[in-house]
Amino acid sequence: MWKTIARIFLVAMLAFAAGGAVGGEQPFDQAQFDQLNAAGKPVIVYFHATWCPTCKVQQPIVDRLSAQPDMKQVTIFVADYDREVALKRAMKVTQQSTFVVFKGGHEVARSTGQTRERDIRDTFAKAL
């Protein structure tokens, strides 16, 4: 069993390393965010809380959308709503379950509390 767990962990780490800072979901990292934003790359910051029922509905939708081919060029940062206090203040986020979408180095869309896949997809599409 431990070998299986170790293999899964190794594969996950290799996949993350191969993905770099482009595409998929990853924990928020200010340096990577700044670099991607300065380069004009599409970025979404998702303010998520583990205790949030809306976030629990959103998460599988975000997972599905981030796996779609057209979203591979978009980096989705997951920001811990409870811990990223300075980031919330800087982005003027007042609620968990908020998506802030950047394109060309500027915020182009924002939504809070969306739980319908179509609505979330429409918000994410603004990064493309």
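Read-outs throughout are calculated quantities, based only on the coordinates presented, and are distinct from any laboratory measurement. Fair warning: this is a prediction, and the values are worked out from it, not measured in the lab. Ideal geometry is used to build each Cβ from the backbone, glycine not excepted, and the neighbour counts take in all protein chains shown.
Odds and ends about this structure:
- Counting DSSP beta bridges with both ends in the stretch 21-125, the antiparallel % (nearest 5): 50
- Rounded to the nearest 20 debye, the dipole magnitude of the stretch 21-125 is 200 debye, with +1 charges on Lys and Arg beta carbons, -1 on Asp and Glu beta carbons, and the Cα centre as origin.
- In straight-distance terms, cross-link reach from Lys103 covers every one of the lysines whose alpha-carbon lies under 17 Å from its own, apart from those fewer than eight places away in the same chain; here that gives Lys41, Lys72, Lys126.
- Hz values of 3J(HN,Hα) by residue in the stretch 86-100 - Karplus curve (6.51, -1.76, 1.60), Gly and Pro given as x: 5, 5, 4, 5, 4, 9, 6, 9, 10, 9, 5, 6, 10, 10, 10
- Phi angles of the stretch 56-68 translate, via the Karplus equation with coefficients 6.51, -1.76, 1.60 and θ = phi - 60°, into HN-Hα couplings of 5, 6, 5, 4, x, 5, 4, 4, 5, 5, 5, 8, 6 Hz per residue; Gly and Pro are given as x.
- For the stretch 21-125, the spread of Cα coordinates along the three principal axes comes to 34, 32, 20 Å, biggest extent given first.
- On the beta carbon distance between Thr94 and Ala67, with R0 = 30 Å, the FRET formula returns roughly 0.55.
- Residue exposure proxy: Glu84, Glu117, ordered by other Cβ atoms within 10 angstrom of their Cβ from fewest to most, comes out as Glu117, Glu84.
- Close amide H partners of Val78, meaning residues 5 or more places away or on another chain with modelled amide H under 5 Å apart, are Gln26, Phe28, Tyr46.
- Between the alpha-carbon centres of the stretch 24-58 and the stretch 85-128 there is a gap of 9 Å.
- Amide proton proximity set for Ala109, modelled H, under 5 Å, gap of 5+: Val101
- Oblate is the label for the stretch 86-128. Its Cα gyration tensor axes, ordered a ≥ b ≥ c, give a/c of at least 1.5 and b/c at or above a/b.
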